[in-house]
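What follows draws every value from the coordinates through simple rules; no lab data is involved. Everything numeric here is computed off the predicted structure, so don't read it as measured data. Here the Cβ positions follow ideal geometry from the backbone for every residue, glycine too, while neighbour counts run over all protein chains shown.
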Amino acid sequence: MVFTLALSALTQAQATRTWVSGVGDDVNPCSRTAPCKTFAGAISKTAANGEISVLDPGGYGTLTITKSITVDGGTGAGWASTLASLTNGFIINDAANTIVVHLRNISINGSDNGTDGIRFLAGKALYVENCRIFRFAGDGIDMSTSTLAQLYVKDTVISECVGDGIKLTSNLAGQFNTAVLE
């Protein structure tokens with residue numbers, strides 16, 4: 001019986017698609033009928049290469065990402081937002097430099113004192129689509145890596161940031177990260 005319970009928990013932890021809702025709870029399995037409350041609660045229950053989807057408009061918190069994943073704020077009936085006061089909205093950090101992250105349909109608000117909207121420290125690629133990143137004391141998107149990475153930004157507005165809208169830096173001599181803006 002213990003094995004069955006452990007297997008059930010493992011199956012829930014490996015969901016390829018999880019859901020968040022303003023009326024969810026992070027102790028839930030993050031299914032469509034029992035969604036989580038925050039992105040942080042959902043990511044631990046989402047398999048690598050999976051997707052976190054949003055059921056209704058609301059604020060779902062900041063998130064540190066260490067595996068390939070899609071966070072889509074517009075899949076359900078609403079638009080996701082993240083209020084990042086005194087912190088980063090999203091941090092992408094993968095020591096193996098192999099992850100690919102997609103952020104879609106998300107409003108990332110720094111409330112005038114947030115660090116960076118999106119901070120990409122390590123990984124293979126970041127896709128930012130149909131997002132709004134604004135009011136950060138630092139940069140809208142900061143891609144500061146020790147290896148080469150790719151950034152794709154499409155239909156996204158970055159405004160009211162004290163630092164750069166998009167900052168690309170690499171610790172590799174003579175080599176730079178790639179950015180494609182549409």
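Compute the helix-to-body angle for 2-13: its Cα long axis versus the longest principal axis of the chain, expressed 0 to 90° and rounded to tens. Here the helix axis deviates by roughly 40 degrees. Let me check I've understood the local charge: for residue 79, count other residues with C-beta under 15 angstrom from its C-beta, Lys and Arg +1, Asp and Glu -1. What total comes out? Value of the local net charge: -2. Estimated from the Cβ-Cβ distance and a Förster radius of 41 angstrom, the FRET efficiency linking residue 32 and residue 95 is about 0.80. Toward the positive end of the charge dipole of the chain, with +1 on the Cβ of Lys and Arg and -1 on the Cβ of Asp and Glu, the farthest Cα among 47, 101, 111 is that of 47.
Comparing 147, 62, 115 in a Gaussian network model of the chain, where Cα atoms under 10 Å apart are tied by springs, the biggest mean-square fluctuation is seen for 147. Identify unpaired cysteines across the chain, taking unpaired to mean no other cysteine Cβ lies under 4.7 Å from the residue's Cβ. Among the cysteines of the chain, those whose Cβ sits 4.7 Å or more from every other are 131, 161. For residue 113, the residues whose modelled amide H falls within less than 5 Å of its own, excluding neighbours fewer than 5 places apart on the same chain, are 86, 137.
The range 96-121 and the range 129-153 have Cα centres separated by 6 Å.
Each other residue within a Cβ distance under 14 Å of residue 96 adds +1 if Lys or Arg and -1 if Asp or Glu, for a net charge of +1. Among 104, 32, 17, a tally of other beta-carbon atoms within 10 Å of each Cβ gives an order, fewest to most, of 32, 17, 104. The amide H of residue 98, built 1.01 Å from its N in the peptide plane, has 124 as neighbours under 5 Å, considering only residues 5 or more places off or on other chains.
Each Cα pair under 8 Å and six or more residues apart adds its separation to the average, and for the range 48-181 the resulting relative contact order is 18 percent. Around the Cα centre of the chain, unit charges on the Cβ atoms of Lys, Arg, Asp and Glu (plus for the first two, minus for the last two) sum to a dipole of about 380 debye.
Estimated purely from DSSP H runs of n ≥ 4, each contributing -39500 (n - 2.57), the mean residue ellipticity at 222 nm for the chain is -2500 deg cm²/dmol once divided by its residues. Which of 43, 133, 166 moves most in a GNM of the chain, Cα contacts under 10 Å? Most flexible of the set in this elastic network: 166.
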